[in-house]
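Input: a single structure, listed below in structure tokens.
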Amino acid sequence: MRYTISQAAKKMHLTPFTIRYYDKEGILLLHRTEKGARYFTESDMEQLEMVCCLKSTGMPVKEIKKYFDLCALGDGTLEQRREIFTLHRDHILEEIDQLQKNLAKIERKIQKYDRFVRENQEKAAEAKA
């Protein structure tokens with residue numbers, strides 16, 4: 001199946017501009033019709049899905065391009081690609097750890113406000129009595 005840029009963008013929750021940007025940066029090597037219109041194959045969609053995954057987890061575009069450049073070079077780059085993913089995983093795990101710490105702080109603050117609200121409601125009820 002073939003997808004136009006608009007169809008691919010809609011399916012991946014991106015804008016056509018973003019896809020054109022990835023194409024311009026050399027991350028996506030899109031096919032073209034005889035009239036020059038870009039299109040995606042199923043394999044291209046899988047590649048775009050990986051781009052979205054990496055981008056949404058904080059990998060810079062430059063690093064994403066490096067990864068896909070290595071893919072294009074073939075199996076001789078397997079160890080380098082593995083290293084990119086290993087380092088990125090470590091980065092994500094650090095972010096998760098920091099997010100969990102921040103969430104714990106927020107939860108404590110919510111509990112504090114819950115207690116304040118409850119105490120204020122009790123004081124208001126006592127004042128009315």
Can you say whether R81 is in contact with a Cys (Cβ under 8 Å, 6 or more places away or on another chain) and among the basic types (K, R), as far as the supplied structure shows?
yes
Single residue of region 42-74 satisfying the filter (loosely packed, with under 12 Cβ neighbours inside 10 Å and among the polar types (S, T, N, Q)) that is modelled with the highest pLDDT:
S56
Would you be able to tell me the number of residues in region 1-20 that are closer than 22 Å to E63 by Cα, open to solvent by less than 80 Å² (accessible area, probe 1.4 Å) and outside any helix (DSSP H, G or I)?
2
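The values are calculated or read from the model by the stated rules, or taken from the named source; none is laboratory data. Remember, it's a predicted structure, so these values are computed and weren't measured experimentally. Every residue, glycine as well, gets a Cβ built from its backbone with ideal geometry; the counts of neighbours run over all protein chains shown. Surface areas here come from the heavy atoms of the whole protein model, side chains and all, with no ligands, DNA or RNA. Shrake-Rupley method; radii C 1.70, N 1.55, O 1.52, S 1.80 Å.
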